[in-house]
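Quick notes on the structure that follows.
The values are calculated or read from the model by the stated rules, or taken from the named source; none is laboratory data. Not measured: the values here are computed from a predicted model. Positions of Cβ are generated from backbone atoms using ideal geometry, with glycine treated the same way; all protein chains shown enter the neighbour counts.
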Amino acid sequence: MRRATPGLRHLSITLVLMACSAPSFATTLTVTDPAGQPLATVMVRERPADGPQLDTSDNGYPAPGVARTVAPEVTRFSDAIGRVEFAERDASREYLVRKPGYQDLAIKPEVETRELSVTLVPETDPVRLAEAKPASAWLGALDLGDRDTKLHFQTQCTFCHQQGNSFIRMERTPEAWGDIIHRMQRYGARLSSQDQRALPERLSAGYRKLRENPQLLADPLPWSPALTGITITEWPLGDIFSQVHDMLVAANGLVYVADNIQDRLYEVDPRTNQVTVYRIPHREGERNGGLLAARLRNFPKHDSTSNAHSLAESRVDGHIFITPSAQRRLVEFDPATKTFTLHEMDEGFYPHTICVDQKDRVVYRRAVEPGRDVRSHDETLSRCTTCRHAASASGSNVATHRRVPGADELGVPLGQLVAGGSTGYRYAAALRHRHHARTGKVWFARLHTDEIS
Ligand code: HEC
């Protein structure tokens, strides 16, 4: 999201002044209600009328190493007089118009049309009004028996994705819920064994009760008028099987995005809308899923022996370091030559969050460390001082710790058995750590807990 900075405001004034002498090619939408009154804070999304038209020649993904210009989706909100403006366009675009309490509208104007007036019709159907409410309204009203069960469910089932959205709350049998919960446990949820048994029935009945009684849902907060003036730009990357996991805005102005389950690194230039994809290399003979092969066993499509997890950039040479959580290594990407170097570790497991400190040391954390609790954090942070200069991938340069016994063979170290009241993995797991520029200290948090170090 970009807020108009004083500099940008100045720029838009300049553009308006220029428009006085030359015709304006911007597209302006004016949104009113059926009585002709202007509607403020209406969300309008502009996108290519024919879809993103991405290259899918590489198993559904763009061919690697080729820069392509993509058409981003741009979202803005109407002002107090119901107006919203988009930049000049030279291709056919679709506009999606939305405001809570009104019916959605989609229009595809002629390419040359610059002034559009649209009317939103109030929605009166209680079911449709409920369907338009955010996932949190559904989750909030969902009855799972008692407060503690609900809290445990919220802690374990909302840290990867929402609960309560239209895909989640649809009609499912308890058996279907049981299968899903089993799969989610394999991905990393730690719902207690007792709740794994009890919740399929309650989820099935609980969501049905809400669908049939939409008056049980609370009204969400209205959209803030402060949204006017904000622009959201979205660049299409990957497909529905992608899992965009971490990203960074590099010093060179490019944005790097890692696809966790398709082993790809996207390079996005937000100024030109050019996107290039690179495949993170594998070693000969590595299995799909890497050391966590069992985890995504029945996931329909994944192309990942390494699971690109987190990114960090060196301020010295702009190289990007990636933790591949399904391998025992670090990946280094050189944005100048567009080449990757793999640095092996001889021990340790699940390289997780990562940063590069002021002395240009790559500091990363291994999420899964058996037998260590929160007090041993310093020991489990690895300082990879020389790996970045290694001529060949050599584990000896990487400080590491004990590996998870049998992890390779089992494919997954996380059991399905979880005692009630468990707050986290048996293994210490950091969610994120960040290097503090002034003090030189590294801050990090532990997954599933409320602690930072
Ligand atoms: C570690 C991340 C993670 C956690 C934690 C997680 N999910 Fe998921 N969930 C996913 C992913 C990835 C998908 C999409 C792939 C799939 O369906 O297997 C998904 C999909 C789903 C779906 C749609 C499945 C379908 O077949 O339509 C439901 C429902 C769901 N999750 C419920 C849950 C519940 C309930 C929990 C808590 C027990 C949970 N999730 C915890 C990652 C997670």
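A few notes on this one:
- Qualifying residue in region 216-237 (condition: of a type outside the set (A, V, I, L, M), closer than 30 Å to Ala141 by Cα, touching a helix residue (DSSP H, G or I) at 6+ places or on another chain (Cβ under 9 Å) and exposed (fewer than 15 other Cβ atoms within 10 Å of the Cβ)): yes
- Complete set of residues in region 245-264 that are under 14 Å from the mean Cα position of the chain (by Cα), within 17 Å of Pro64 (Cβ to Cβ) and part of a strand (DSSP E or B): Tyr256, Val257, Ala258, Asp259
- Criterion: more than 15 Å from the ligand (Cβ to nearest atom), of a type outside the set (S, T, N, Q), more than 21 Å from the chain's Cα centre (by Cα) and closer than 30 Å to Pro38 by Cα - qualifying residue of Glu212, Glu131: Glu131
- Breaking point among (1) closer than 16 Å to Tyr61 by Cβ; (2) among the acidic types (Asp, Glu); (3) assigned to a loop (DSSP other than H, G, I, E, B), for Glu267: (3)
- Which listed residue is outside the structural domain of Gln185 (by TED's automatic domain parsing) and under 22 Å from Gly51 (Cα atoms), from Val244, Val249: Val244
- Number of residues in region 149-174 that are of a type outside the set (A, V, I, L, M) and within 8 Å of the ligand (Cβ to nearest atom) equals 10.
- Meets criteria (among the aliphatic types (A, V, I, L, M), at pLDDT 95 or above and surrounded by 15 or more Cβ atoms within 10 Å (Cβ to Cβ)) for Leu191: no
- Residue check, Leu265 assigned by TED's automatic domain parsing to the domain that holds Ala336 and surrounded by 16 or more Cβ atoms within 10 Å (Cβ to Cβ): yes
- Selected residue (criterion: farthest from the chain's Cα centre (by Cα)) from residues of region 80-103 that are assigned to a loop (DSSP other than H, G, I, E, B) and free of Cβ contacts under 8 Å to residues at least 60 places away in the same chain: Ile81
- The listed residue being at pLDDT 95 or above, out of contact with any strand residue (DSSP E or B) (no Cβ under 9 Å at 6 or more places or on another chain) and small (Gly, Ala, Ser), out of Ala135, Ala106: Ala135
- Every residue from region 175-188 that is within 6 Å of the ligand (Cβ to nearest atom) and at pLDDT 95 or above: Ile180, Ile181
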